[in-house]
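Participant: There's a structure below that I have some questions on.
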Amino acid sequence: MMPHQDPKQSASQRSFLGEFDLIEQFFKQSPNSLLATSKNPWVKLGIGDDCALLGNWAISTDMLVEGRHFLPNANPEWLGHKSLAVNLSDLAAMGAKPVAFTLALALPEVREEWLEKFSKGLFALAVQYQCSLIGGDTTAGPLTVSITVFGEIDSALALRRSGAKAGDDIWVSHCLGDARLALGYYRNEWSLSETELANVAPRMHAPTPRVELGMALIGHAHAAIDISDGLLGDLAHILRASDVSADIKIDQVPASSVLANKSVELRRLCTLNGGDDYELCFTAPITERDWVEKTTQTMGLSTKRIGKIKMREDSLMTLLDQDGDTLPKELQDQYLKSFDHFK
Ligand code: ADP
Ligand code: MG
């Protein structure tokens, strides 16, 4: 997830490994190791995608830490919703059907009123997907919510980050950037009117996981990811895993009406690099265009084509403007910077 606040780090910590290098160096087991996932017949897909695939189960864990992933004194009902929503979003990215989850909670103090609201938000979303709470752990400590979700999927058909093919369209569901717009308001980066804030704040505090869309994409899309850390960074995961490159028409990235009324710079910042959107980015062959448009319309959801997958080139992504011209190098570099951050 995209952090809401940078952690207080010493200079030596700042030069520490990024999240992905850290996992690679200390946790991912080499193919020669006795623990190599390739030697475990249950593991169909290990570290590196939105979910692991274990037999016909898609499994994912996401942890939310106060002051890092949500603001101190966050509305507990929204927090309950969001804690499950971000996990369901990873199931959606694989096309899996939610079945059950576990809940690990660290609480600084036991406040019944808080727990009442938190569980209300949590179960309102769980009931929508008939996703049962089957266990967990509870302890005293700094407020932290960690959920593991289990979804049903035919592992052979799951949407993986590695499936994109040259010629595919790149699609994004609904619109991006509202959560970043709200976050910037709370961080005093810019101001918003009351009406604007009322429109965008729920997108940050209580995102909607695109579960139905993910499930429908099975057999139609080649690759998918949920956008939790910003479109460009997350799309880069698909491109690297699939060994392809992409052209992206950055002004076609869908923005809400609130964001569309802001300056071009702010709109691009929020839609391209804003986190916490939990929309799906997926690639599909052009023969699926009609299907994607009709299917998403019947779900009451819009979907936009934002670019194309091409054969692997030196640069992973080329950003294009309205007229299809490549953006100046300084702007490309500005938008493409800092994918890998320690979260
Ligand atoms: P997402 O944003 O989709 O939840 P992340 O960016 O958090 O995914 O993680 C990327 C990949 O690294 C995932 O496959 C995840 O399961 C794996 N991962 C993250 N942390 C660890 C860890 N401590 N040990 C093993 N795998 C990890
Ligand atoms: Mg994900």
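Participant: Given the residues Gly46, Gly80, which is the only one that is touching a helix residue (DSSP H, G or I) at 6+ places or on another chain (Cβ under 8 Å), without any contact (Cβ under 8 Å) to a residue 40 or more places away in the chain and either more than 13 Å from ligand 1 (Cβ to nearest atom) or open to solvent by less than 30 Å² (accessible area, probe 1.4 Å) (or both)? Walk me through it before giving the result.
Facilitator: Working: Gly80 fails: without any contact (Cβ under 8 Å) to a residue 40 or more places away in the chain.
Residue meeting the stated conditions: Gly46.
Participant: Oh, and also: Can you tell me which residue in the range 193-215 is farthest from Gly230 (Cα to Cα), limited to those that are part of a loop (DSSP other than H, G, I, E, B) and in contact with a Lys or Arg (Cβ under 9 Å, 6 or more places away or on another chain)?
Facilitator: Let us first name the residues in the range 193-215 that are part of a loop (DSSP other than H, G, I, E, B), namely 193, 206-210.
In the following step, the residues that additionally are in contact with a Lys or Arg (Cβ under 9 Å, 6 or more places away or on another chain) were identified as 206-207.
Details: Ala206: 17, Pro207: 14 Å.
Among those residues, the one meeting the criterion is Ala206.
Participant: Right, something else. Looking at (1) away from ligand 2 (no atom under 16 Å from the Cβ); (2) out of contact with any Asp or Glu (no Cβ under 6 Å at 6 or more places or on another chain); (3) of a type outside the set (Ser, Thr, Tyr), find the lone condition where Lys82 falls short.
Facilitator: It is condition (1) that Lys82 fails.
Participant: If you take the residues of the range 233-243 that are small (Gly, Ala, Ser) and within 12 Å of ligand 1 (Cβ to nearest atom), which of them is nearest to the chain's Cα centre (by Cα)? Quick ask: steps written out before the conclusion?
Facilitator: Applying the first criterion (small (Gly, Ala, Ser)) to the range 233-243 yields 233, 236, 241-242.
Right, trim to within 12 Å of ligand 1 (Cβ to nearest atom) and you get 233, 236, 241.
Details: Gly233: 10, Ala236: 12, Ala241: 16 Å.
Filtering first and then ranking leaves Gly233.
Participant: Here is a further query. Among the numbered conditions (1) touching a helix residue (DSSP H, G or I) at 6+ places or on another chain (Cβ under 6 Å); (2) within 16 Å of ligand 2 (Cβ to nearest atom); (3) at negative phi, tell me where Gly95 comes up short.
Facilitator: (3)
Participant: Let me ask something else about it. Could you grab me the full set of residues in the range 49-67 that are within 27 Å of Leu143 (Cα to Cα), open to solvent by 40 Å² or more (accessible area, probe 1.4 Å) and either assigned to a loop (DSSP other than H, G, I, E, B) or more than 12 Å from ligand 1 (Cβ to nearest atom) (or both)?
Facilitator: Val65, Glu66, listed by residue number.
Participant: Are any residues in the range 129-178 under 30 Å from Glu196 (Cβ atoms) and of a type outside the set (Ser, Thr, Tyr), and if so, which ones?
Facilitator: Taking the range 129-178 first, the residues under 30 Å from Glu196 (Cβ atoms) are 143, 145, 170-178.
Across the range 129-178, the qualifying residues are Leu143, Val145, Ile170, Trp171, Val172, His174, Cys175, Leu176, Gly177, Asp178.
Participant: Please verify whether Ala241 is within 16 Å of ligand 2 (Cβ to nearest atom), open to solvent by 10 Å² or more (accessible area, probe 1.4 Å) and not in a loop (DSSP other than H, G, I, E, B), treating the condition exactly as stated. Please lay out each step first, then the result.
Facilitator: Details: within 16 Å of ligand 2 (Cβ to nearest atom): yes; open to solvent by 10 Å² or more (accessible area, probe 1.4 Å): yes; not in a loop (DSSP other than H, G, I, E, B): yes.
Yes; evaluated as a whole, the condition is true for this residue.
Participant: With the checklist (1) open to solvent by less than 20 Å² (accessible area, probe 1.4 Å); (2) of a type outside the set (Asp, Glu); (3) within 12 Å of ligand 1 (Cβ to nearest atom) in hand, flag the one item Phe101 doesn't pass.
Facilitator: Only one criterion is unmet by Phe101, namely (3).
Participant: Which residue is farthest from ligand 1 (Cβ to nearest atom), if the candidates are limited to the range 212-232 and must be open to solvent by 20 Å² or more (accessible area, probe 1.4 Å) and closer than 18 Å to Glu152 by Cβ?
Facilitator: Gly219
Participant: Please specify each residue of the range 131-179 satisfying the condition of being within 30 Å of Arg268 (Cα to Cα) and of a type in the set (Phe, Trp, Tyr).
Facilitator: Initially, the range 131-179 is screened for residues within 30 Å of Arg268 (Cα to Cα), giving 159-179.
Hit for the range 131-179 is Trp171, nothing else.
Participant: Scanning for something part of a helix (DSSP H, G or I) and not basic (Lys, Arg), does the range 104-112 turn up at least one residue? It would help to see each step written out before you state the result.
Facilitator: Start the filter on the range 104-112 by keeping residues that are part of a helix (DSSP H, G or I), which leaves 112.
Cutting the leftovers down to not basic (Lys, Arg) gives us 112.
Yes, the range 104-112 contains a residue that is part of a helix (DSSP H, G or I) and not basic (Lys, Arg).
Participant: Here's another thing I want to ask about it. Can you name the residue in the range 244-261 that is open to solvent by less than 50 Å² (accessible area, probe 1.4 Å) and charged (D, E, K, R) and, of all such residues, is farthest from ligand 1 (Cβ to nearest atom)? Reasoning before the result, please.
Facilitator: Applying the first criterion (open to solvent by less than 50 Å² (accessible area, probe 1.4 Å)) to the range 244-261 yields 244-248, 250-251, 253-256, 258-259.
Still in the running and charged (D, E, K, R): 247, 251.
Details: Asp247: 24, Asp251: 26 Å.
Filtering first and then ranking leaves Asp251.
Participant: Continuing with this model, one more query. With Lys82, Lys44, Lys117 as the choices, which residue is more than 21 Å from the chain's Cα centre (by Cα), assigned to a helix (DSSP H, G or I) and not polar (S, T, N, Q)?
Facilitator: On the way: Lys82 fails: more than 21 Å from the chain's Cα centre (by Cα); Lys44 fails: assigned to a helix (DSSP H, G or I).
It is Lys117.
The values are calculated or read from the model by the stated rules, or taken from the named source; none is laboratory data. Predicted model only: the values in this text are computed from it and were never measured. Note that we place each Cβ from the backbone using ideal geometry, even for glycine, and neighbour counts take in every protein chain shown. Surface areas here come from the heavy atoms of the whole protein model, side chains and all, with no ligands, DNA or RNA. Shrake-Rupley method; radii C 1.70, N 1.55, O 1.52, S 1.80 Å.
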